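Since the structure comes first, as structure tokens, the remarks are kept for the end.
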Protein chains: 2
Amino acid sequence: MKKWIAIALTMFTVTTNAQKIESPDGVVQLTFEVKDSIPVYSVSYKNQPVLLKSKLGLEVDNGPSFTEGFGIKDFKVNHADEAWQPVLGEVKQIRNHYTELIVYLAQPAYQREIAIRFRLFNDGLGLRYEFPEQANLNYFVVKEEATEFALPGDAKAWWIPGDYDTQEYNYTTSKLSEVPRLFDKSYDGNASQTIAPGTLQTPLMMKTDNGFYLNFHEAALIDYPALHLSLDADRFVLTSHLTPDGQGKKGYIQTPFHTPWRTIIISKKAEDILASRLVLNLNEPTKYENTDWIKPVKYVGVWWEMIMGKSTWSYANINNVHLGKTDYSKLQTNGTHAANTNYVKKYIDFAAKHGLDGVLVEGWNEGWEDWFGKSKEYVFDFVTPYPDFDVKTLTNYAKAKNVQLIMHHETSSAATNYERHFDTAFAFMDKYGYKAVKTGYVGNIIPRGEHHYSQWMVQHYQRVIDKALQHKVMVNSHESVHLTGLHRTYPNWIAAEAARGTEYEAFGGNNPEHTTILPFTRLIGGPMDYTPGIFQTQLDYYFPGDKRFVQTTLTKQLALYVTMYSPLQMAADIIDNYERFPDAFQFIKDVAVDWDDTKILSAEPGDHVLIARKAKGKDEWFVGGITDEQARTLNIDFSFLPAGGNYEATIYEDGKNADYITNPQSYHIYKKKVTSKTKLVARLGRSGGVAISIRKI
Amino acid sequence: MKKWIAIALTMFTVTTNAQKIESPDGVVQLTFEVKDSIPVYSVSYKNQPVLLKSKLGLEVDNGPSFTEGFGIKDFKVNHADEAWQPVLGEVKQIRNHYTELIVYLAQPAYQREIAIRFRLFNDGLGLRYEFPEQANLNYFVVKEEATEFALPGDAKAWWIPGDYDTQEYNYTTSKLSEVPRLFDKSYDGNASQTIAPGTLQTPLMMKTDNGFYLNFHEAALIDYPALHLSLDADRFVLTSHLTPDGQGKKGYIQTPFHTPWRTIIISKKAEDILASRLVLNLNEPTKYENTDWIKPVKYVGVWWEMIMGKSTWSYANINNVHLGKTDYSKLQTNGTHAANTNYVKKYIDFAAKHGLDGVLVEGWNEGWEDWFGKSKEYVFDFVTPYPDFDVKTLTNYAKAKNVQLIMHHETSSAATNYERHFDTAFAFMDKYGYKAVKTGYVGNIIPRGEHHYSQWMVQHYQRVIDKALQHKVMVNSHESVHLTGLHRTYPNWIAAEAARGTEYEAFGGNNPEHTTILPFTRLIGGPMDYTPGIFQTQLDYYFPGDKRFVQTTLTKQLALYVTMYSPLQMAADIIDNYERFPDAFQFIKDVAVDWDDTKILSAEPGDHVLIARKAKGKDEWFVGGITDEQARTLNIDFSFLPAGGNYEATIYEDGKNADYITNPQSYHIYKKKVTSKTKLVARLGRSGGVAISIRKI
């Protein structure tokens, strides 16, 4: 006890000094102080305020909070400058260059200590709370995290409403001050949906009135609920709001523990937001000893036709399945079941013919007749194929053609059931040589009361990754929590959906600007399995009179392979449509999905994105440019190419009258010799795009 | 549709007739009718009303309820008279003799049907709801079950308050009308406790003013939340109240489905309640092909010394364990860890010497330092022994002495974690030859929000039994849901705690009457691992000045082996104490735990219980008699013995001045020749007992 009082005294003598650190280039500045016993920080950029004095802290549900009564015990400043190579990525090498401040805080009334760690990069910062193991701090329950981000004024934001179970919304663009008025109009329906009033989801992109682009998110979300931001639209203060569990608790903590990083990317240029590697850098290096089995994947799949309603996941027209009791061999097939042996063979043939890596098959296993909306726990067993899906024949067939089948584990959000079947499900994958799995979490979570983004589910997604690692399986998780750069640490988490993807083009539509915003929001956390490549955008092609349509031109669908980064990319349309447009399909065949380098040529959230990328290990480049609902001219400067080289570019551009509503399939393809000095003007129709493949001559 | 209307019309022509059935002996009568479209039943016994008109129904959370709008579609009456042999039991053979009425009800507004099934036995009845699979009825969520039991008037009841997480309470004896006044005084604390105001737990025992003994409970609780009874203390109406999950839902149902049976045992004699096999008869016969491995078990254990605080489950004085990271081999032992190799060897020696079957060892595995009250999920792995517990040495040592070690799986109520470790935990048991496991569920349940008695946990206990079956392991579940006769169907569920057991003698005390009530309440559902046999009742023997004491005489502890039926019985005291009182211990050595026959000689809840039982397959009888806080004389009529035989009885009786407070260890043992004509007067001290072993001469 005496020792502690001594520390406390020492401590308070230090607290009078505010601490200030800068990013390596001096541009980003952070000030930390303990004011009236409360930790407070502020951030500026070239001496312009970015965040005003903002409180830090964490409320505890079952004991004293970490919100006040603090004194500073010690400081530590570190510098780091290192480089690392991602297993798969947008660039070959990433520089991790920061100034670190660790503030050791003591709460003498409770004889306990915590630390707050800040890392300042040239393009922003991260901060996190650290709770060392100590006599008076072993376990606690989080009531709420109280991290403030106090903006100096109003800002334009690209936002989706806070929701504990889905991010599958179109974005709303508005001033922060307008959010309350627009909030209730900002969302449509979802199979599992728990709106958190007054909060916004991260990554949250905004542009301040004085020209800063700011991106708020979190990095390295492990063992903790996902972050939302509560908005005080009068004071322009954002405060952390964690996803609760069914009891309203926000995290069961055992020390030593640290929270995820709270991240802010700061720039005067929108392009720098997309070029930032801050979130990845704040994740830990992978500990995987061998990553040879983690490979990029381009794939087709038996999927889009079920999404639009042309086929079914289900095999029979029944609505009450008892797995293991329902005898499918005695049931009549409904005639619309797509995942049948003969049909899948066509997809394997197609993938083989066009050099694609894999074929995803959804609806291959028993249980889809009543899988949804019943809170049914034993909904799938993940190992029993429908009678018309011959898994042995198909795996051999695919293997002979050097194509991999991609497993599909829809859980119907019965996570407990999935965990019960982990071992048999992954043993089944081992047996048949599956190397990748798409997981799905449609509907409300079981354990009932948990949310898609609550701590238990965050831990569950991690358990899936760990289990997959044991079997050298790559995971593409759908309806899972937002990504936070964990693919650095767990590179077999190859991609995720976790946003409104192409499927919603059939469920109500994605606004034309949607894919110009996603790189600034969802993709800040990591690769998205957006499933582009829909050539037949108008669904009345299948269903006369159907007014649904994919809200892009065909060319824009091509451009998405470049603008929407993912090492796992689907060619999502029915293969018949690729056979109708083989010249356009050539781009999808050619485009790389893993990269040595990436150049953000031009971008503005909600308006347009133009990116050039160099294929991994090849002197090939690909350019993608997209626009929102406005027709647009993009000036493409080829100075990203190495000087002196001669290249042939194949340009896939919107036709002259191309338009996402009236004329989406109008495109024009031509070739052109290009060098680093070339400048090209691309004309994009409304919600149009341009895609360019470039080869060394 | 037309077909349905036809049925509906037919139906309503039938509804005018009330249906009446009787028990095989005509004593119990049931009347059923649909009145104002609501199903209603009433029960009488020799024409005296037992239940007045009581409504039947079930409220649905996500659709129309099954509470009104009914018409009768059809009736069916069946008769059954069969006999069956329990694997382990109180009697060798059980007669299942009943009259059955099935009422098929239609709800034309929703074009759906249900059935209500009644079975009338000579000592009471069961009823349940049945939901056939049909076009308009596949899935629904239960809001509440609305089964009424309308008593004609006030009654004396032996009750514990409704609680979703524990039954570990002393009983309150009062009139039903007094329950509201006494409710808040009826419980003390528990590690997990969720009082359900206004409700009582089952089995609920009562005695009406006109002399009926009534017992309300449920049979065959499968896939459904446990039953409580909501009390209207003005009208004397009990209504079913199911245990909710964390979302307040009361069961996710997929058809075909039937609820557990709601049971009422009816008699004019208290003894008949204890002799009733009604609950067992309402369970399904076992489907186990082989039951040779299911054997009665008498055991000692490393347990009571931790309960009273003399030793610890934990190995080290730390309070923050990370399983797999915390290196116990580098920790100093706390010196109080009981489950160490040398000490356990003594227990094995003792069991071998005295012919006991097994030794339970608690605290053998890593994790006990911080196992409790933290909502910690990864709290145990069920396979990693502490450094001082050499599992290989001990299993070999035990095997050589023909003693079995009994596994202990404390889950700390982290049921998800237990399920994740099922396979490794049971493989570990296979490897070392464990044949029985004691499971424990101390603390609040994970999945958080679920309760010990909610549907998910009821399913979990079943999963444990199923997993144990795969490994031919017997299960003794503690802190689990009340038993409902499922040991008929799943005979490896050999016993459970699920009530206030001996441990509470160290945690606040069990009232002297407690064990005279338990046979009428908790044990109606099945065997209880009460863990009797504490000879050193006063704890100041260990801790000078400690006022805690086991609230019985030593002799009463012996008698409990007969009065508290279980095929799994512990000799719960530290073995040193048995060596101090070898003559008294002889009864524990001798007493059977599996029976050919049972005679309830005399009983009154809250006062006394006197039972004689015949050992399975032997001409040996055992008698146990206990009293409450009143000294009492019990007249024992040996007419239960076969006429003509000569027997030697060894009588263990309270000493002349024996008293549970002042002189608990005073006992007297003597032998006496007895025949079926013998009558014996036993004098029991306050909270005393008498135990008799009888052998053929």
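Quick notes on this structure:
- Set B:Val142, B:Val103: member being within 14 Å of chain A (Cβ to nearest Cβ), under 32 Å from the mean Cα position of the chain (by Cα), crowded, with 23+ Cβ neighbours inside 10 Å and β-branched (Val, Ile, Thr): B:Val142
- Top-ranked residue in the range A:408-422 [being surrounded by 24 or more Cβ atoms within 10 Å (Cβ to Cβ) and either more than 14 Å from every other protein chain (Cβ to nearest Cβ) or of a type in the set (A, V, I, L, M) (or both); ranked as farthest from A:Lys295 (Cα to Cα)]: A:Ala414
- Residue in the range A:517-537 that is touching a helix residue (DSSP H, G or I) at 6+ places or on another chain (Cβ under 7 Å), under 27 Å from A:Ser276 (Cα atoms), part of a helix (DSSP H, G or I) and not aliphatic (A, V, I, L, M) present: yes
- Here B:Ala157 fulfils each of the conditions (1) surrounded by fewer than 22 Cβ atoms within 10 Å (Cβ to Cβ); (2) in contact with a helix residue (DSSP H, G or I) (Cβ under 6 Å, 6 or more places away or on another chain); (3) in contact (Cβ under 8 Å) with a residue 24 or more places away in the chain apart from (1).
- Within the range B:489-514, the only residue that satisfies the criterion of being touching a His at 6+ places or on another chain (Cβ under 8 Å) and among the acidic types (Asp, Glu) is B:Glu497.
- Those residues of the range B:436-479 which are in a loop (DSSP other than H, G, I, E, B) and either within 14 Å of another protein chain (Cβ to nearest Cβ) or touching a His at 6+ places or on another chain (Cβ under 9 Å) (or both), in sequence order: B:Tyr441, B:Val442, B:Gly443, B:Asn444, B:Ile445, B:Pro447, B:Gly449, B:His451, B:Tyr453, B:Ser454, B:Glu479
- Residue within the range A:454-467 that is of a type in the set (Ser, Thr, Tyr) and over 22 Å from B:His421 (Cβ atoms) present: yes
- Filtered residue count, the range A:657-697, keeping only those that are under 27 Å from A:Lys616 (Cβ atoms), loosely packed, with under 13 Cβ neighbours inside 10 Å and either of a type in the set (Ser, Thr, Tyr) or touching a helix residue (DSSP H, G or I) at 6+ places or on another chain (Cβ under 9 Å) (or both): 3
- Residue match in the range B:646-656 (condition: out of contact with any Pro (no Cβ under 7 Å at 6 or more places or on another chain), crowded, with 23+ Cβ neighbours inside 10 Å and assigned by TED's automatic domain parsing to the domain that holds B:Thr537): no
- The residue that is nearest to A:Phe581 (Cα to Cα), counting only those in the range A:503-514 that are touching an Asp or Glu at 6+ places or on another chain (Cβ under 9 Å) and assigned to a helix (DSSP H, G or I), is A:Glu503.
- Test: residue in the range B:228-235 that is in a loop (DSSP other than H, G, I, E, B) and either at pLDDT below 95 or within 19 Å of B:Phe131 (Cβ to Cβ) (or both): no
- Of the residues making up the range A:614-625, one or more are closer than 20 Å to A:Lys671 by Cβ, of a type outside the set (A, V, I, L, M) and not in a strand (DSSP E or B).
- Total residues in the range A:71-101 satisfying the condition of being free of Cβ contacts under 8 Å to residues at least 40 places away in the same chain and farther than 29 Å from A:Met206 by Cβ: the figure is 6.
- Of the criteria (1) outside any strand (DSSP E or B); (2) away from every other protein chain (no Cβ under 14 Å), which one B:Ala425 fails: (2)
- Residues of the range B:400-426 satisfying the condition of being within 24 Å of the chain's Cα centre (by Cα) and on the phi > 0 side of the Ramachandran plot: B:Ser412, B:Ser413
- Of residues in the range B:288-320 being more than 30 Å from B:Gln470 (Cβ to Cβ) and in contact (Cβ under 8 Å) with a residue 60 or more places away in the chain, the one surrounded by the most Cβ atoms within 10 Å (Cβ to Cβ): B:Tyr315
- The single residue among B:Asp165, B:Asp123 that is within 14 Å of chain A (Cβ to nearest Cβ) and among the charged types (D, E, K, R) turns out to be B:Asp165.
- Selection from the range A:656-686 of residues that are among the charged types (D, E, K, R) and within 31 Å of the chain's Cα centre (by Cα): A:Asp659, A:Arg683, A:Arg686
- Checklist (1) in a helix (DSSP H, G or I); (2) within 21 Å of A:Val300 (Cβ to Cβ) applied to A:Leu405, failing item: (1)
- Pick from the range B:345-369, criterion in contact (Cβ under 8 Å) with a residue 60 or more places away in the chain and under 19 Å from B:Ser311 (Cβ atoms), ranking: nearest to the other protein chains (Cβ to nearest Cβ): B:Gly363
- Matching residues in the range A:223-255 - criterion: being among the β-branched types (Val, Ile, Thr) and within 14 Å of chain B (Cβ to nearest Cβ): A:Thr243, A:Ile253, A:Thr255
- Count - residues of the range A:236-281 that are assigned to a loop (DSSP other than H, G, I, E, B) and either more than 22 Å from A:Leu483 (Cβ to Cβ) or in the same structural domain as A:Pro527 (by TED's automatic domain parsing) (or both): 9
- Check on A:Leu204, under 16 Å from A:Leu58 (Cα atoms), touching a residue at least 60 places away in the same chain (Cβ under 8 Å) and either more than 14 Å from chain B (Cβ to nearest Cβ) or out of contact with any strand residue (DSSP E or B) (no Cβ under 9 Å at 6 or more places or on another chain) (or both): no
- Where B:Ile114 falls short, out of the listed (1) crowded, with 18+ Cβ neighbours inside 10 Å; (2) without any contact (Cβ under 8 Å) to a residue 24 or more places away in the chain: (2)
- Of residues in the range A:232-241 being out of contact with any Leu (no Cβ under 6 Å at 6 or more places or on another chain) and over 20 Å from A:Leu125 (Cα atoms), the one surrounded by the fewest Cβ atoms within 10 Å (Cβ to Cβ): A:Asp234
- Boolean, A:Asn281 is away from chain B (no Cβ under 14 Å), surrounded by fewer than 16 Cβ atoms within 10 Å (Cβ to Cβ) and polar (S, T, N, Q): no
- The listed residues are B:Phe372, B:Phe389, and the only one of them that is away from chain A (no Cβ under 14 Å), on the phi < 0 side of the Ramachandran plot and not β-branched (Val, Ile, Thr) turns out to be B:Phe389.
- If the condition is being under 13 Å from B:Asn365 (Cβ atoms) and within 13 Å of chain A (Cβ to nearest Cβ), then the range B:306-329 contributes B:Val321, B:Leu323, B:Gly324, B:Thr326.
The values are calculated or read from the model by the stated rules, or taken from the named source; none is laboratory data. Because the structure is predicted, anything quoted here is derived from the model rather than measured. FYI the Cβ positions are ideal-geometry reconstructions off the backbone, even for glycines, and counts take in every protein chain you see.
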